[in-house]
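Contents: one structure, followed by commentary.
The values are calculated or read from the model by the stated rules, or taken from the named source; none is laboratory data. Since the model is a prediction, treat every value here as computed from it, not as a measurement. Every residue, glycine among them, receives a Cβ derived from its backbone with ideal geometry; neighbour counts consider all protein chains shown. The area values use the complete protein model at the heavy-atom level, side chains included, leaving out ligands, DNA and RNA. Shrake-Rupley method; radii C 1.70, N 1.55, O 1.52, S 1.80 Å.
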Amino acid sequence: MPAGLPFRLQDYLELVDWTGRQIRTDKRGSIDQKAPPILERLNIDTDHWIYNTQHFESQFKGLVGTVMSIKAQCQRFGYQRTPGLATAMHLT
């Protein structure tokens, strides 16, 4: 198996989205057939998503997550600064 995904990220997200729509609606993990595509549903700007997937390692040096989760981890670790906070804000 090659390192990473053997296909484009967009194709993977579409596969995940499609698979979730095939699961029975009475089961956990199902996605309503009327629900919008995954990035729209998660309210993630497509331009920011594409940029961050192409520059992930240069954008996120250590912590990755929501603004709230990054702040919580920085407090837990006793950090004075919050690395990755500005980048996380662009994703929401």
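Filter region 77-87 down to the residues that are open to solvent by less than 80 Å² (accessible area, probe 1.4 Å), within 24 Å of H48 (Cα to Cα) and in a loop (DSSP other than H, G, I, E, B) and list them by number.
Listed by number, the residues that qualify are T82, P83, G84.
Taking the condition modelled with pLDDT under 75 and either of a type in the set (G, A, S) or open to solvent by 90 Å² or more (accessible area, probe 1.4 Å) (or both), does M1 pass? Can you show your working first?
Working: modelled with pLDDT under 75: yes; either of a type in the set (G, A, S) or open to solvent by 90 Å² or more (accessible area, probe 1.4 Å) (or both): yes.
When the stated conditions are applied, M1 passes them.
Just to be sure, is A72 of a type in the set (A, V, I, L, M) and in contact with a Lys or Arg (Cβ under 7 Å, 6 or more places away or on another chain)?
No; evaluated as a whole, the condition is false for this residue.
If we keep just the residues of region 46-67 that are under 26 Å from D17 (Cα atoms) and without any contact (Cβ under 8 Å) to a residue 12 or more places away in the chain, which is surrounded by the fewest Cβ atoms within 10 Å (Cβ to Cβ)?
E57
Considering only region 17-76, how many residues are of a type in the set (D, E), closer than 23 Å to M89 by Cβ and not in a helix (DSSP H, G or I)? Reasoning before the result, please.
Filtering region 17-76 down to residues of a type in the set (D, E) leaves 17, 26, 32, 40, 45, 47, 57.
Retained after the next criterion (residues that are closer than 23 Å to M89 by Cβ): 40, 45, 47, 57.
Keeping just the survivors that are not in a helix (DSSP H, G or I) gives 45.
Total meeting the criteria: 1.
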